[in-house]
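Asker: Below you'll find the structure I mean.
No value in this document is a laboratory result; all are computed from the given coordinates. Bear in mind the structure is a predicted one, so any value in this text is a computation, not a measurement. Note that we place each Cβ from the backbone using ideal geometry, even for glycine, and neighbour counts take in every protein chain shown.
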Amino acid sequence: MNYLSYGLEGKVAIVTGGSRGIGLDLAKNLLAQGARVVICGRKQAGLNDALAVLDGGDQALAVAAHIAKEADVDRLFDQTVERFGRVDALVNNVGMNLITGVVDADPSLFSKIVESNLTGTWLCSRKAAQLMREQKAGKIVSITSIAARRAAPFMGIYGIAKAAIEMMTKTLAQELAPFNVQVNAVAPCMVRTGFSQPFWSNDDLLKEIVRAIPLGRIAETTDVVHPVLFLCSDGAGFITGQTIMVDGGASAV
Ligand SMILES: NC(=O)c1ccc[n+]([C@@H]2O[C@H](COP(=O)([O-])OP(=O)(O)OC[C@H]3O[C@@H](n4cnc5c(N)ncnc54)[C@H](OP(=O)(O)O)[C@@H]3O)[C@@H](O)[C@H]2O)c1
């Protein structure tokens with residue numbers, strides 16, 4: 001009997017923001033699947049630590065890059081192609097939030113959140129799409145959030161940016177379909193990483209959050225990694241323009 005696998009052996013994947021949290025776990029699992037992996041982050045120290053954890057030898061590369069800066073994104077893709085020759089999958093994993101209301105936010109704060117989440121995801125997707133269009137193959141997967149669908153206090157600008165990424169996913173899916181490039185997203189509820197630690201490390205707050213999740217817990221990074229690996233695989237070749245909710249059923253109401 002032939003068993004199905006993700007079939008990622010030899011594929012080249014860029015994971016933005018792979019120095020910790022979901023991105024690091026994803027990079028680990030991509031390497032374990034036999035893929036070659038490029039991670040990026042703004043801080044070189046974080047990338048060095050991540051490379052040590054990944055222990056991927058010449059199958060792993062880290063590039064210091066701020067995804068909202070075009071020159072940095074160019075460098076990320078140039079170094080990837082120089083080392084590995086192509087890009088089979090891009091995972092837009094970078095995301096950040098600054099706790100703020102929408103009404104009273106300073107315009108510079110609004111821009112910062114939109115740039116790091118939306119503009120950066122577009123700059124990376126655009127660069128990947130140009131390469132993948134030539135290759136006539138590729139996968140782009142973005143990590144959005146349940147905040148794209150449910151307005152939450154102090155996460156409004158983040159939610160607006162993530163919702164825009166969901167629309168960009170549909171738009172790119174249509175634009176790239178003639179070139180056999182599939183574009184999808186994964187939208188988690190709270191995931192146990194440093195990003196959300198102020199929430200899940202507070203027992204009372206955690207109980208409140210979990211009350212709204214039918215499966216009775218927040219997500220672990222593995223819960224997000226599995227659907228992303230699937231969406232990067234040839235098995236997902238007929239799925240495009242979709243967002244998979246990884247939220248323990250929270251949106252199934
Ligand atoms: N954790 C959650 O509860 C949760 C829930 C729903 C969705 N998400 C989404 O899941 C994704 C990953 O979240 P996470 O919890 O793993 O985050 P995290 O632990 O905060 O890690 C973020 C990663 O992104 C990098 N990064 C941040 N801004 C960057 C930029 N402008 N350019 C390049 N790299 C940048 C960070 O490295 P540097 O600091 O060195 O740049 C780090 O590697 C995000 O898109 C987030 O919005 C998370």
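Asker: Please arrange His226, His66 by counting, for each residue, the other beta carbons lying within 10 Å of its beta carbon, fewest first.
Answerer: His226, His66
Asker: Which one, Met132, Val114, Val73, projects farthest toward the positive side of the charge dipole computed for segment 22-145 from Cβ point charges (K/R +1, D/E -1)?
Answerer: Towards the positive end, the residue furthest out is Met132.
Asker: For a Förster distance of 22 Å, can you work out the FRET efficiency between the beta-carbons of Lys170 and Phe195, rounded to the nearest 0.05?
Answerer: After rounding to 0.05, the efficiency reads 0.30.
Asker: Oh, and also: Taking the alpha-carbon centroid of each part, what is the distance from segment 1-74 to segment 84-125 in angstrom?
Answerer: That distance is 18 Å.
Asker: To the nearest 20 debye, what is the magnitude of the charge dipole of the chain about its Cα centre, counting +1 on the Cβ of each Lys and Arg and -1 on the Cβ of each Asp and Glu?
Answerer: Using only the charged Cβ atoms, the result is roughly 240 debye.
Asker: Still on this structure, I have one more. Phe179 to Arg75: extension gain in nm, 0.36 nm per residue of separation minus the Cα-Cα distance?
Answerer: Between Phe179 and Arg75, full extension yields an extra 35.0 nm.
Asker: Related question: Based on C-alpha coordinates, I'd like the Rg and Dmax of segment 62-151, in Å.
Answerer: 15.0, 47
Asker: With the contact rule set at Cα under 8 Å and sequence spacing of 6 or more, what percent relative contact order holds for segment 1-134?
Answerer: Reported as a whole number, the value is 25 percent.
Asker: Which of the DSSP-defined H helices in the chain satisfy a minimum axial length of 24 Å, computed from C-alpha atoms, and a minimum mean Kyte-Doolittle hydropathy of -1.0?
Answerer: Helices meeting the span and hydropathy rule in the chain are 156-176.
Asker: Which translational diffusion coefficient, to the nearest whole µm²/s, is obtained for segment 131-253 from the Stokes-Einstein equation, given a Kirkwood hydrodynamic radius over C-alpha pairs, 25 °C and 0.890 mPa s?
Answerer: 160
Asker: Okay, next question. Mean separation of Cα pairs under 8 Å and 6+ residues apart, divided by the residue count of segment 164-253: what relative contact order is that in percent?
Answerer: Relative CO of segment 164-253 lands at 43 percent.
Asker: Another question about this same structure. Can you give the percent of C-alpha pairs in segment 1-146 whose distance is more than 24 Å?
Answerer: Tail of the P(r) past 24 Å holds 31 percent of the pairs.
Asker: Among Asn29, Asn93, Asn184, which one shows the highest mean-square fluctuation when the chain is modelled as a Gaussian network with alpha-carbon springs under 10 Å?
Answerer: Asn29
Asker: Is the chain rounded, prolate or oblate when judged by the Cα gyration tensor, a ≥ b ≥ c being the square roots of its eigenvalues, rounded requiring a/c under 1.5 and prolate requiring a/b larger than b/c?
Answerer: Because its axes are fairly even, with a/c under 1.5, the chain counts as rounded.
Asker: Compute the relative contact order of the chain as a whole-number percentage, counting only Cα pairs closer than 8 Å that sit 6 or more residues apart in sequence.
Answerer: 18
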